[in-house]
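Supplied in structure tokens, the structure appears directly below.
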Amino acid sequence: MTRWLKNYSPQRFLISFGLAAFIGLMASVASETFVLGIAWVNEVLFVAPHAREFADSAKLLPWFTVLAPVVGGLIVGGLLLLLRGNRPHGIPDVIFLSQTGDSHIPVRTGLLTTLTNFTSIGFGASVGMYGPLASLGAFVGSLLAKVTADHRRLGVIAVACGVSSAISTAFNAPIAGVIFAHEVILRHYSIRAFAPVTISAYVSQVMATEVFNRPRLLEVGEVSIQHAYEYCAFLFVGVVGAAVAIFYMRSVLMSGKLAGKLKLPIWIKPPLAGLVLGLICLGVPELLGVGLDTTKATLNIEQVRAGNLDYITGMTTMESVIDANAKEFVLKAIFLLVVLCIGKSLMTGFCLGMGFCGGVFSPALFIGATFGALFGLALETLVPGSLNLSFYAICGMGAVTSAVIGAPISTILVVFELTENYDLAKAVLISVVFSNIICSRLFGRSLFDVQLLAHGFDFSLGKDKVVLQQKTIRDYVTHEFVKVSPETPCNQALDRLLAADQTEGYIVSETDTYLGQITVNELLQIQRNPTKPDHAVGDLAQHEQITLTDMTSIFSAMKKVEDFVGESVPVVSAKDHLKLVGVIPEGNIFKAYSDAISEIRQEEYGDS
């Protein structure tokens, strides 16, 4: 610690901490503007449940329900064309950038991504809002890091600061924001990153509570455990919740694959998805939009059951269940919760696959809450006495969400910060642990990791492998080697190798075309056999030797030279695989590996 303080200058303290505070301020403003803008559009287009309740004319609601996502889809389709073949940035992209040490998010891509997310959510697509908020925070951090002269070193930390600020503002939970940035984005803990990320999160939290007067995202009434056997039930919530999470994640992945096979222009897919969504929402309007109000109502299902109907204002499907008698209530509630849970899983995957932009975080909250309430309601019919269904809704929400985003610790902290209920946090802990154990074995660490794996980036064993796959051997290629033409006599080639103190020579044509390799041992054997005529080296070229290109990754190079025996490996041009551009000694490959690993460790724990 003393050594760290000695090396870390006061100037760097001021730059990193000042930048972190500024990012926290700006990311909080950007996040609040984003959320309020979406809320206003949702209200104008009657996407929000309370807006539907007080609509001036009930005849307009069906038209708005169908046309709002269709019009939004048309706008999103146009924005996708403006991206010129690039897809909008999401959490997987932020993870990739932070893990590879590249904090640069192009301004055009960042702005178009934000606008596409805003349009998708605002016009009622069944996608999430908190992933886009985290991406927006990362974009703000990336932009502000460029104002410092030390932006390359601070860039990744600045991105993490922006993400923690967005989560802190959205959930009003600064501790969860800090842990989320480390658990999901950075994937390591060090004082070098922890302090700035914490500053950003707390600046954003102060802005959210003192300036914007933002209430808690998920306010839940008093909940308590009714029976001792429920602790076992919470375990099974985690087990079954893992299956629900896998179904949801599979839906997202499968929808993307199926949509990719449709021979339709990219701009027509989002409005087509909007039309299907709108027609379905004529019967189940709770599937429209982010669904945060439905999530809140489900988490407070116990209060709704007790007669507090403020939570379900404008939710016509839920209101019809409440109006039923006690026996019908259970059957209708179970049926509705099944429809909402499965429907949200399918519609979110469908919307994302067809081109709408948004996150998977908010739908996971929705799906998990409805699943948990369903589990509790079903259990209540099998055991004597009554259960607190809100407890099960919260545990289900934690089990599903943590498995989807790969953030078990952050999920537990969100629940604890929002409810301040220690017993509830313990119950969620049980569900989260078992859900993540099962999902990590059967699916992967998170949906984000599986999406990155589909693009060839495997973070299951840490960031080292991916970084080695991104860094090339180009800087380690040497041009100091013996080059001979194919017509060169063997005795002359031997003299040149001995004079250069080299054991290998490389045969190239006048146009630098690589023809093969010759060694000192082969030339000496020919010299010791005077009965044989003096050959030209072209006749002895070894064509079976391995070659690398100047764009070969360090990881691939190490794999190729595992069984290599020799002094150096010939390196050809990546553009023209016949042109020799240099050689790389075997020791240089391992030096490249050592340098890359040292850079990773320095980035995580060093001071520069």
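The values are calculated or read from the model by the stated rules, or taken from the named source; none is laboratory data. These numbers come from a predicted model, not from an experiment. Ideal geometry is used to build each Cβ from the backbone, glycine not excepted, and the neighbour counts take in all protein chains shown. Note: accessible area is taken over every heavy atom of the protein model, side chains too, but ligands, DNA and RNA are not part of it. Shrake-Rupley method; radii C 1.70, N 1.55, O 1.52, S 1.80 Å.
Let me cross-check Asp595: its accessible surface, 1.4 Å probe, with only protein heavy atoms counted, in Å² to the nearest 10?
50 Å²
Follow-up. Could you let me know the centre-to-centre spacing of segment 41-117 and segment 427-462, using Cα atoms, in angstrom?
That distance is 27 Å.
Straight-line reach from Lys263: which lysines have a Cα under 19 Å away, not including same-chain ones fewer than 8 places off?
Excluding near neighbours in sequence, the set is empty.
Just how much of Cys232 is accessible, in Å², when a 1.4 Å probe is used and the result is rounded to the nearest 10?
Estimated to the nearest 10 Å², Cys232 gives 90 Å².
Can I ask one more? Just to check, using Stokes-Einstein with a Kirkwood Rh over alpha carbon pairs, what's the diffusion coefficient of the chain at 37 °C and 0.692 mPa s in µm²/s?
Translational D for this selection: 122 µm²/s.
I would also like to ask the following. Got a number for the accessible area of Thr513? Probe 1.4 Å, square angstrom, nearest 10.
For Thr513, solvent-accessible area is about 40 Å².
Report ³J(HN,Hα) in whole Hz for each residue of segment 270-280, in order, from the Karplus equation J = 6.51 cos²θ - 1.76 cosθ + 1.60 where θ = phi - 60°; Gly and Pro get x.
Going residue by residue, I get x, x, 5, 5, x, 5, 4, 4, x, 5, 5 Hz, with x marking Gly and Pro.
Among Ile167, His104, Asn388, whose Cα projects farthest towards the positive end of the dipole of the chain, with charges put on the beta-carbon of Lys, Arg (+1) and Asp, Glu (-1)?
Asn388
Of Ala596, Leu548, Ala574, which is farthest on the positive side of the dipole of segment 533-598, counting Cα position, with +1 on Lys and Arg Cβ, -1 on Asp and Glu Cβ, and the Cα centre as origin?
Farthest towards the positive end: Ala596.
How would you classify segment 126-186 from its alpha-carbon gyration tensor, with a ≥ b ≥ c the square roots of the eigenvalues: rounded for a/c under 1.5, else prolate if a/b is greater than b/c, otherwise oblate?
It comes out prolate by the Cα gyration axes.
Follow-up question, since we're still on this one. Could you order peptides 485-494, 128-137, 96-105 by the average number of other Cβ atoms within 10 Å of their residues, highest first?
The packing order, highest mean first, is 128-137, 96-105, 485-494.
Given a 1.4 Å probe and heavy atoms of the protein chains only, how would you sort Arg305, Arg192, largest accessible area at the top?
Heavy-atom accessible area, descending, gives Arg305, Arg192.
Out of the trypsin sites (Lys or Arg not before Pro) in segment 255-284, which ones are loop residues according to DSSP with at most 13 other C-beta atoms within 10 Å?
Taking segment 255-284 and a limit of 13 other Cβ atoms within 10 Å, the loop trypsin sites (Lys or Arg not before Pro) found are Lys263.
Using a 1.4 angstrom probe on the protein heavy atoms only, could you order Lys269, Lys426 from most to least accessible area?
If we order Lys269, Lys426 from most to least accessible, we get Lys426, Lys269.
Within segment 381-418, name every residue whose backbone N is under 18 Å away from a label modeled 7 Å from Cα of Arg250 along the Cβ vector.
Inside the label zone: 400-401, 403-405.
I've got another one for you. Using only Cα atoms, what Kirkwood radius does segment 434-527 have, in angstroms?
Over segment 434-527, the inverse of the mean reciprocal pair distance is 17.6 Å.
With a ≥ b ≥ c the root eigenvalues of the C-alpha gyration tensor of segment 14-123, is it rounded (a/c under 1.5), prolate (a/b larger than b/c) or oblate?
In terms of gyration-tensor shape, oblate.
Sequence gap at least 6, Cα distance under 8 Å: using those rules, report the relative contact order of the chain to the nearest whole percent.
15 percent
Mind checking the dipole of segment 346-502: about its Cα centre, +1 per Lys or Arg Cβ, -1 per Asp or Glu Cβ, Debye to the nearest 20?
In total the dipole reaches around 180 debye.
For segment 372-452, just say rounded, prolate or oblate: build the C-alpha gyration tensor, square-root its eigenvalues into a ≥ b ≥ c, call rounded for a/c under 1.5, and beyond that prolate if a/b exceeds b/c, oblate if not.
Oblate, because a/c is 1.5 or more while a/b does not exceed b/c.
Under 8 Å for C-alpha pairs, at least 6 residues apart: give me the relative contact order for segment 376-525, rounded to a whole percent.
Across segment 376-525, relative contact order equals 14 percent.
Dipole magnitude of the chain about its Cα centre, charges +1 at Lys/Arg Cβ and -1 at Asp/Glu Cβ only, in debye to the nearest 20?
That gives a dipole near 720 debye.
If each DSSP helix of 4+ residues adds -39,500 (n - 2.57) and the sum is divided by the residues in the chain, what number results at 222 nm, nearest 500 deg cm²/dmol?
Here the helix-only value at 222 nm equals -20000 deg cm²/dmol.
Structure shown: which of Lys471/Lys575; Lys471/Lys560; Lys269/Lys296; Lys59/Lys269 lie over 22 Å apart, alpha-carbon to alpha-carbon?
The pairs that break the limit, which is 22 Å between Cα atoms, are Lys269/Lys296; Lys59/Lys269.
Order Met558, Met254, Met397 by their accessible area, 1.4 angstrom probe, all chains in place, largest first.
Met254, Met558, Met397
Which is farthest toward the positive dipole end of the chain among Gly238, Leu60, Gly587, measuring Cα position about the Cα centre, with Cβ charges +1 (Lys, Arg) and -1 (Asp, Glu)?
Leu60
With +1 on the Cβ of every Lys and Arg and -1 on the Cβ of every Asp and Glu, and nothing else charged, how large is the dipole of segment 207-299 about its Cα centre, in debye rounded to the nearest 20?
740 debye
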